[in-house]
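Read the structure below first, then the notes.
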Amino acid sequence: MTAPDQSPVPFASPAAASGAEFVETPVDYDAVVLASFGGPEGQDDVIPFLRNVTRGRGIPDERLEEVAHHYRHFGGVSPINEQNRQLKAALEAELASRGIDLPVYWGNRNWAPYLEDAFAQAAEDGHRTLLVLATSAYSSYSSDRQYREDIARAITDAGLEDRVTADKVRLFFDHPGFVAPFQEGVDAAVASFLEQGIAASDIHVLFSTHSIPTADAERSGPRDVDWGEGGAYVAQHRAVAEHIVEKLGAVTGGTTVPWQLVFQSRSGPPTQPWLEPDINDVIAELPAAGAKAVVIVPLGFVSDHMEVLWDLDTEAIESAQEAGLLAVRTPTPGIHPAFVSGLIDLVLERVEGTPAAQRPHVSALGPWYDIARPGDCENVRLGFKPAASGLVP
């Protein structure tokens, strides 16, 4: 095995070690590792979990408690771990239905089960060539590079540098399996409002995603491409939203429905610029624009995370009620059959070495790279750390 510090792509399988944008050579992977964010599963877990999330930032527990009330409102339980248990089971069932013998392990960044334990268990079970499936679709530090750093850290912490390789499936923001559940939800919501006698022009669709620091957004995606304001992170969301709105014409008879990309769940000091506008600010302005109904689409989320349950289902819906608007929040992909099937298709792309030209995507930005390009998704505050599935640094 090529030592991590001698390869342009640390911890990579031989097929991925050269750093080509797309790996079009079959790889005999022997296990899949599902990587996720993690979340508390009881009141006693909340502050320790938030310490993990904010490690290295020196945030006192008093300030963490300001965020903790979101979790405490739901009994201290984030839905994400149970969602990942369901997703793992769905992936295993899909693999079995296709006759594919690949075990699935699951590990988190911030709470048990931890990623390093998943790698250690996979190695103990005799697996050496691992493929990581992260539950995040878009380019940014926290949703892409940090997962690749997590892979490198987990392998190192488990002492597996010379025992395993780990590649990662491409970002899947515009894969049909990820987009289909959103399309279904938007189509159904708009159709319902139309049936209630609301004109298409009075229905506003808000595509919501997690706000991130503008400095991180500007550094998302390969650095040699001009992505425009907000970097690849914003460009990817816009591309998917545009696709959904275009297909929505089949429901509205071709009438354009007003839509906007909005942001939520901002954190960090007020002096630090983050992506805007905030969804609640936009909702407050909709009545003046003639809106009568709003469709809230959690476009940045693969399942009903705490940010969906609190920031959208609680705060954004309350904002809509205060504005006198009818409102509905559409579903996340979760374990929708199209999403689960699409994730396995992404795994098979790497198993079979599918040529890039044959990989499905619904926007002009795809298919996204297998191997992240140099400097992709840099975090200017933390600097570069060892990261798998991408060219150094």
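The values are calculated or read from the model by the stated rules, or taken from the named source; none is laboratory data. A quick note: this is a predicted structure, and the numbers were derived from the prediction, not measured. In this analysis, Cβ positions are derived from the backbone assuming ideal geometry, glycine residues included, and neighbour counts consider all displayed protein chains.
Mind checking whether some residue in the range 381-392 is outside any strand (DSSP E or B), among the β-branched types (Val, Ile, Thr), at negative phi and in the same structural domain as ALA68 (by TED's automatic domain parsing)? For the range 381-392, residues outside any strand (DSSP E or B), among the β-branched types (Val, Ile, Thr), at negative phi and in the same structural domain as ALA68 (by TED's automatic domain parsing): absent. Taken together, the residues in the range 160-191 that are within 15 Å of the chain's Cα centre (by Cα) and of a type in the set (A, V, I, L, M, F, W, C) amount to 7.
Per-residue answers, yes or no, for (1) free of Cβ contacts under 8 Å to residues at least 60 places away in the same chain; (2) charged (D, E, K, R); (3) surrounded by 21 or more Cβ atoms within 10 Å (Cβ to Cβ):
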| site | (1), (2), (3) |
| --- | --- |
| SER36 | no, no, yes |
| GLY58 | yes, no, no |
| LEU64 | yes, no, no |
| ALA68 | yes, no, no |
| ARG72 | yes, yes, no |
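Elements of the type helices (runs of 4 or more DSSP H) sitting completely within the range 149-259 and holding at least 1 residues that are of a type in the set (A, V, I, L, M) and closer than 21 Å to GLY390 by Cα: these cover 214-218, 231-252.
Checked against (1) within 29 Å of TYR71 (Cα to Cα); (2) free of Cβ contacts under 8 Å to residues at least 24 places away in the same chain; (3) of a type in the set (A, V, I, L, M, F, W, C), LEU326 meets all criteria but (2).
Given the criteria touching a residue at least 40 places away in the same chain (Cβ under 8 Å), assigned to a loop (DSSP other than H, G, I, E, B), in contact with a strand residue (DSSP E or B) (Cβ under 7 Å, 6 or more places away or on another chain) and buried (at least 22 other Cβ atoms within 10 Å of the Cβ), does ALA316 qualify?
Details: touching a residue at least 40 places away in the same chain (Cβ under 8 Å): yes; assigned to a loop (DSSP other than H, G, I, E, B): no; in contact with a strand residue (DSSP E or B) (Cβ under 7 Å, 6 or more places away or on another chain): yes; buried (at least 22 other Cβ atoms within 10 Å of the Cβ): yes.
So ALA316 does not fit the description; no.
Kindly evaluate GLU94 against the criterion of being in a helix (DSSP H, G or I), touching an Asp or Glu at 6+ places or on another chain (Cβ under 6 Å) and touching a residue at least 24 places away in the same chain (Cβ under 8 Å). When the stated conditions are applied, GLU94 does not pass them.
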